[in-house]
Amino acid sequence: MPPLSRPPVVLLVQPPHDDRAMYTEYLRLNHLTVLCSEDAATAMALVESADVIVTEIRLPGGDGIQFIQRLRASVGTTETPIIVLTASAWGSEQDRAEAAGCDLFLAKPCVPEMLLAEVQRAVAQRSIPKPRPVSAAPLERRHPREK
């Protein structure tokens, strides 16, 4: 994937009572485009526009773990970086999130600078072209006219 020629798009899926406004403002001040959603159902309509998805695992009307699993199963988001940003920071929750397919687990309280750094790192890693698989060359090559 070539480097982005536009500001990275972050989908922030956080319930309204969480720190969504603070993170949104900080990311925007640092030249990122932020799309916000308070639940997984609304977020699903926005995921294909996102370069990085930042989600809580305790979401209204659904489980953030199931949201991550849906993202990993969807063709358009199998490789989109997913960062979990949650106050539910028990080891068992981290294990569940990682098993579902998240790339990074951040516990709240999380300073906005740390979230920004991790989002930028995820975007940079996504922009690095992945090596293409190399098929094994035949041991012996002959010109089509040779027998």
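Annotations for the structure displayed:
- Fewest-first sequence of Leu29, Leu85 by Cβ atoms within 10 Å of each Cβ: Leu29, Leu85
- Net charge of the neighbourhood of Pro81, taken over other residues with C-beta under 13 Å away and scored Lys/Arg +1, Asp/Glu -1, is -1.
- Peptide packing: for 89-97, 119-127, the average count of neighbouring Cβ atoms within 10 Å per residue gives the ranking 119-127, 89-97, highest mean first.
- Overall, region 37-87 carries a charge dipole of about 140 debye about its Cα centre when +1 sits on the Cβ of Lys and Arg and -1 on the Cβ of Asp and Glu, all other atoms neutral.
Laboratory data are not the source of any read-out in this text; all were calculated from the coordinates shown. Everything numeric here is computed off the predicted structure, so don't read it as measured data. Here Cβ is always computed from backbone atoms with ideal geometry, including for glycine, and neighbour counts include all displayed protein chains.
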